[in-house]
Amino acid sequence: MSDRTTAGVDGVAKEAEVRGQRYRAAAAIWRRLQRNRGAVVGLWLLVLFAGAGAFAHVLSPYDPYFSNLEASLAPPSARYWMGTDELGRDIFSRILYGARLSIVIGSISVAIGVAIGVPLGLFSGYFGGRFDLISQRLIDVLLAFPGVVLAIILVTVLGVGLVNVMIAVGIVSVPSYARLIRGQVLSLKSREFVEAARALGANSGRIVFRHILPNTVAVLIVQATLQIAAAILSAAALGFLGMGVQQPTAEWGAMLSSARQNIQLAPHTLIFPGTAIMITVLGFNLLGDGLRDALDPRMKL
Amino acid sequence: MFQYLLKRLCLAIPVLFGVSIVVFGIVRFIPGDPAQIMAGQAATQEAVRDIREALGLDRPVPVQYAYFLGGAVRGDLGKSIYNGAPVREELGQRFPRTLRLALSGILVSCLVGIPVGILSAVRHSTWIDSSAMIFALVGVSMPLFWLGLNLILIFAVRLQWLPAIGYETPQHLILPAITLGLGSAALVARMTRSAMLEVLRQDYVRTARAKGAAERRVVNYHALRNALIPVVTVVGLQLGNLLSGAVLTESVFAWPGVGRLLVEGVLTRDYPIIQGSILLVATSFVVLNLAVDLLYAFLDPRIRYE
């Protein structure tokens with residue numbers, strides 16, 4: 001039986017009011033975020049990054065894979081704004097396409113981490129018992145490997161390439177979500193509103209998904225924002241080590257890997273892709289910090 | 001204290017057991033026949049069979065695992081496929097170098113991070129504070145390997161003050177240590193700042209000031225000591241990042257440590273080398289974390305040994 005049919009007209013009015021409250025809460029968060037100078041800077045950096053990625057095909061002056069060997073390692077000029085790489089490909093165009101790739105890598109690997117980590121943390125925290133014990137020990141084992149080393153293990157087993165990099169980077173972030181959500185659930189499940197829901201006869205599924213999960217969304221958003229930054233850094237690191245997205249794909253880490261060979265002749269091949277990574281990661285970090293303060297100033301993360 | 005130590009040790013054992021299964025599983029989970037992959041595409045049937053027998057891949061999986069674990073416990077990790085050298089010797093040679101790099105990295109992160117954090121807290125809401133925090137944010141957002149390459153570009157290629165690669169002299173350590181430590185320094189600075197701000201608000205700090213203690217003494221003696229506990233936590237949590245960072249730093253500076261060995265092993269598909277270096281890194285990580293936990297209990301009597 002759905003809520004609406006039983007509750008009738010009163011219920012509809014109440015629902016509208018709840019929606020109004022939610023809207024006002026969101027507006028208040030947005031105002032707090034706008035007052036935070038760092039968050040605004042971060043937001044603008046991300047608009048720049050997303051715009052560069054989304055419109056890479058319009059904005060780039062050259063095909064990112066077109067190689068003009070006569071102009072290889074050309075320094076920045078009016079013709080090539082950021083110079084060219086060792087194969088004479090336009091670095092500016094490659095950075096724009098790299099932004100597009102980083103959006104994909106960042107969002108998909110975070111989605112993988114959330115899709116595995118959040119249910120794990122939810123059930124672990126809510127049901128406890130043997131499931132909790134086993135999943136916590138598994139997470140302990142994952143945490144026994146430093147992040148990059150775990151990513152290297154996964155890439156060794158799965159093989160290199162874009163998809164496997166996203167899977168590896170996503171799995172590396174699973175423990176952080178699982179631990180975070182488990183902790184949240186443990187503190188939420190003894191709260192009065194959860195007990196009230198249980199007293200009214202709600203089953204476990206309803207309590208977990210309607211009452212507990214929505215209350216973890218704030219920390220989850222902050223964590224996911226900061227994790228996108230971490231994911232972009234890890235993917236770039238794998239690319240740099242030659243274990244990530246492979247040449248000739250325009251990926252920032254792989255670009256730096258080949259820039260290293262020409263560090264003496266062509267420092268511009270090093271400077272621009274690295275700056276692109278730094279600005280993007282800085283944007284997510286600033287926004288994540290700002291969101292944390294705006295959503296809940298007391299949040300410990 | 002002794003009971004706490006015992007309990008923590010008991011918790012570490014299943015984790016190490018899990019680590020050994022993962023490391024063992026690396027060779028099992030790669031698609032295709034591991035012996036064929038290790039021998040290479042052009043290998044003869046006999047060469048493949050030799051490898052299969054040498055690694056015991058023709059036996060049942062649980063038996064293989066038992067042999068692997070038995071060998072690992074005795075320090076026998078097999079031989080490198082690439083050059084035939086025993087993995088244990090290779091690791092024994094390289095581990096001290098990685099340790100030296102990691103310790104220097106921690107040193108840099110504390111020597112830079114703690115003073116910057118204190119200064120930021122003492123000069124709260126001034127331009128010093130905001131520029132220090134901007135430095136810290138940029139520091140955590142910079143890819144570590146890119147920082148290393150930039151340091152090479154500036155100090156080795158352009159100014160020619162310091163060597164870019166190699167590990168023989170103390171000068172060789174400077175750039176890698178800065179590369180490894182600066183990112184953690186940023187986190188340590190942020191933590192020191194917030195811990196100091198918290199402590200400086202406490203009543204006993206006001207009392208110290210009221211009784212006429214010099215500001216320097218208030219900061220260094222009364223406040224800093226209590227603010228350092230969360231800072232030690234952050235430094236401890238940084239160990240994992242430092243080991244991850246060591247893998248990247250060693251690759252940038254051709255530093256012949258365990259991290260570089262791991263990367264080379266992956267690129268040449270030298271599975272005994274991969275297994276050995278991962279086992280060593282993960283085991284030392286678990287042991288280091290244990291040591292850090294015990295250190296807190298020792299430093300802060302308020303932490304209960306439960």
Name the pairs whose Cβ atoms lie under 7 Å apart, with the first residue in the stretch B:148-173 and closer than 11 Å to B:Ala254 by Cβ, the second open to solvent by 30 Å² or more (accessible area, probe 1.4 Å) and among the small types (Gly, Ala, Ser), and 6 or more positions between them or separate chains? B:Ile152/B:Ala164; B:Ile165/B:Ala254
Considering the stretch B:115-140, residues that are within 13 Å of chain A (Cβ to nearest Cβ) and over 19 Å from A:Asn36 (Cα atoms), and then whichever is surrounded by the most Cβ atoms within 10 Å (Cβ to Cβ), we arrive at B:Gly139
Scan the stretch B:26-37 and tell me whether some residue there is in contact with a Leu (Cβ under 9 Å, 6 or more places away or on another chain), over 21 Å from B:Leu262 (Cβ atoms) and in a loop (DSSP other than H, G, I, E, B). yes
Give me the helices (runs of 4 or more DSSP H) completely within the stretch A:123-241, filtered to those with at least 3 residues that are within 14 Å of another protein chain (Cβ to nearest Cβ) and in contact with a helix residue (DSSP H, G or I) (Cβ under 8 Å, 6 or more places away or on another chain), ordered by residue number. A:129-143, A:147-158, A:162-188, A:213-240
Restricting to the stretch A:47-76, count the residues that are in contact (Cβ under 8 Å) with a residue 12 or more places away in the chain, open to solvent by 50 Å² or more (accessible area, probe 1.4 Å) and outside any loop (DSSP other than H, G, I, E, B). 5
Given the conditions (1) in contact (Cβ under 8 Å) with a residue 12 or more places away in the chain; (2) of a type outside the set (A, V, I, L, M); (3) farther than 25 Å from A:Arg24 by Cα, report the number of the one that A:Gln264 does not fulfil. (1)
Please state which one of B:Leu267, B:Leu280, B:Leu243, B:Leu224 is among the hydrophobic types (A, V, I, L, M, F, W, C), more than 11 Å from chain A (Cβ to nearest Cβ) and open to solvent by 10 Å² or more (accessible area, probe 1.4 Å). B:Leu224
Conditions (1) modelled with pLDDT of 80 or more; (2) aromatic (Phe, Trp, Tyr); (3) assigned to a helix (DSSP H, G or I): number failed by B:Trp255: (3)
Residue set B:Val247, B:Val287, B:Val292; condition of a type in the set (A, V, I, L, M, F, W, C), free of Cβ contacts under 8 Å to residues at least 40 places away in the same chain and part of a helix (DSSP H, G or I); output residue B:Val247
With the structure loaded, tell me whether A:Tyr97 is out of contact with any Gly (no Cβ under 9 Å at 6 or more places or on another chain), touching a residue at least 40 places away in the same chain (Cβ under 8 Å) and not small (Gly, Ala, Ser) or whether it fails that test. no
Say whether the condition of being in a loop (DSSP other than H, G, I, E, B), surrounded by 13 or more Cβ atoms within 10 Å (Cβ to Cβ) and modelled with pLDDT under 90 is met by at least one residue in the stretch A:1-20. no
Do the conditions hold for B:Arg8, that is, is it farther than 20 Å from B:Gly71 by Cβ, among the basic types (Lys, Arg) and within 14 Å of chain A (Cβ to nearest Cβ)? yes
From A:Ile232, A:Ile181, A:Ile221, which residue is open to solvent by 20 Å² or more (accessible area, probe 1.4 Å) and either within 30 Å of A:Ala144 (Cβ to Cβ) or in the same structural domain as A:Leu133 (by TED's automatic domain parsing) (or both)? A:Ile221
Would you check which residues across the stretch B:8-24 are among the small types (Gly, Ala, Ser) and in contact (Cβ under 8 Å) with a residue 40 or more places away in the chain and list them? B:Ala12, B:Ser20
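The values are calculated or read from the model by the stated rules, or taken from the named source; none is laboratory data. The structure displayed is predicted, hence computed values, not measured ones. Glycine gets a Cβ as well: all are built from the backbone with ideal geometry, and neighbour counts include every protein chain shown. The accessibility values were calculated without ligands, DNA or RNA, using every heavy atom of the protein model including side chains. Shrake-Rupley method; radii C 1.70, N 1.55, O 1.52, S 1.80 Å.
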